[in-house]
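Notes follow once the structure below has been shown.
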Amino acid sequence: MVVEDQAVPRRIAVEILRDLGVAEILQAEDGQDALELIRRGGAPLDVIICDLDMPRMDGVEFIRNVAEANLGASIVLASAVEAAVLASVEAMARSQGMAVLGVLEKPVTPQKLGDMLARHGSMQANYARLEAPSVDPAELEEAIHDRHIAPHFQPMVRMSDGRIIGFEALARWSHSERGTLHPEMFIPIAESSGLIDPLTWVMLECAVAEAVRWRQAGHRWTISVNLSLPYLERQGVADRIAALVERHALQPGSVVLEVTESLAATQIAQVLGNIARLRMKGFGIAIDDYGTGYATLQQLSRMPFTELKIDRSFVSGSPDRPNLHAILRSSVELARQLNLGSVAEGVETASEWHQLDSIGCDVAQGYLVAPPMPPESLLGWATAWAGTA
Ligand code: C2E
Ligand code: CA
Ligand code: CA
């Protein structure tokens, strides 16, 4: 649905949508019109593209109404108002539980609108996952034991020349009845039920074994593994990981351990000690989801990080949003000043890639390059990528 009071921009948006292959498009002149159309029913709405400044009922009021009606539609904000105002309306919509795909600045182009619709697809998949019933710790324990939890691998590529530099291991559970389960379904349960220890261990073992296979095939890619804080609270973690890597004759320098920024750990001294030990042994340490935590600068000053992974919430939609662009630029600059590698997460579009490249970000990871893939597809994918990059 396109909600826009001016006829010309409305018609342009509708034409672009039609060219993009959208089958059914509704149009409304303002919020009141739109609400009437919605009340009349019909097929459920997927995406609402909404101007903010309209007579009778403006976009802000309309979005509030839509949020209350709980339609499940995603919103694209289209408006010529100041970027910071758009961002705050976006935050308002989000706080009412609405998926906001982004802010579309005028003039609307097929590229911009296409990017937004692509985001709708990936968001729908995320919501479906979040709404799924939770898992039972006993079942999780069995799955870890039976190795039904194993990593998929997502490539990280150097922005200057597209070369693959490594892969991140991301946990996947192949569930006999529910298909593939994503980590947000079971990592929090693992963390709270004491199962994060064996789970992390399975991930580390699989990831290291995979990295050995890459070496045998002649590739020197790094392997990144996520370590939860409850895992890092355990004693002896650094020695165990070092022993594992040594047993496989892998260099610690080719293993990167990703740690989230929010150090809400109860055993903070233990966590810091383990990270320091891992770094002394030569492992890479990445600060994950950079920008979303709270004690950011303090932690940066006291942790031996080697890599800064900028959270995808700053990457997604940044070309259309000067505020995000400024945050990205300063994060990349900070990484450079601190001598850390910079990695942008969640790069989905070519315009995001170009922007990151222009501000000197070192490495990109995201669906634009490839989604996480099972190990058996990895070498084939890498060959194909090297052929095109
Ligand atoms: P993360 O470390 O930030 O991992 C990146 C997540 O972003 C992955 O989700 C990945 O599939 C997703 N992603 C990658 N590129 C794109 C993109 O272009 N667009 C979008 N929208 N998403 C993208 P995934 O695999 O579902 O993992 C979610 C989180 O679960 C991870 O976030 C990580 O914090 C945690 N996790 C995954 N595996 C493990 C693990 O073995 N141990 C621990 N402790 N945590 C894990
Ligand atoms: Ca990570
Ligand atoms: Ca991350």
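The values are calculated or read from the model by the stated rules, or taken from the named source; none is laboratory data. Please read these numbers as outputs of a predicted model, since none were measured by experiment. Because the Cβ atoms are built from the backbone with ideal geometry, glycine has one as well, and the counts that use them run over all protein chains shown. Areas reflect the complete protein model, heavy atoms only, side chains present, ligands, DNA and RNA absent. Shrake-Rupley method; radii C 1.70, N 1.55, O 1.52, S 1.80 Å.
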Provide the FRET efficiency to the nearest 0.05 for the Ser313-Arg240 pair, computing r from the beta carbons and using R0 = 45 Å. 0.85
Could you state the angle between the C-alpha long axis of helix 59-69 and the longest principal axis of the C-alpha atoms of the chain, as a value from 0 to 90 degrees rounded to the nearest 10? 70 degrees
So, with a 1.4 angstrom probe, what is the percent of accessible area on the chain that is carbon and sulfur? 51 percent
Relative frequency of Cα-Cα separations exceeding 25 Å in the range 135-386, percent: 43 percent
Which whole-number percent gives the relative contact order of the chain, counting Cα pairs below 8 Å spaced six or more residues apart? 12 percent
Treating the angle as unsigned and between 0 and 90°, give the value, to the nearest 10°, between the Cα long axis of helix 375-388 and the longest Cα principal axis of the chain. 70 degrees
What does the convex hull of the Cα atoms come to per residue for the range 1-157, in Å³? 165 Å³
If the only charges are +1 at each Lys and Arg Cβ and -1 at each Asp and Glu Cβ, what is the size of the charge dipole of the range 2-127 around the Cα centre, to the nearest 20 debye? 300 debye
Give, in nm to one decimal, the length gained when the segment between Leu368 and Ser174 is fully stretched (0.36 nm per residue of separation minus the Cα-Cα distance). 67.4 nm
By how many degrees, 0 to 90 and rounded to 10, does the Cα axis of helix 322-337 deviate from the longest principal axis of the chain? 20 degrees
What shape does the range 300-351 have by the C-alpha gyration tensor, where a ≥ b ≥ c are the square roots of the eigenvalues, rounded means a/c under 1.5, and otherwise prolate means a/b greater than b/c and oblate the rest? prolate
Taking only protein heavy atoms into account and a 1.4 Å probe, give the accessible area per residue of the range 135-386 in Å². 43 Å²
If you count the DSSP beta bridges with both ends in the chain, what percent of them are antiparallel, to the nearest 5? 30 percent
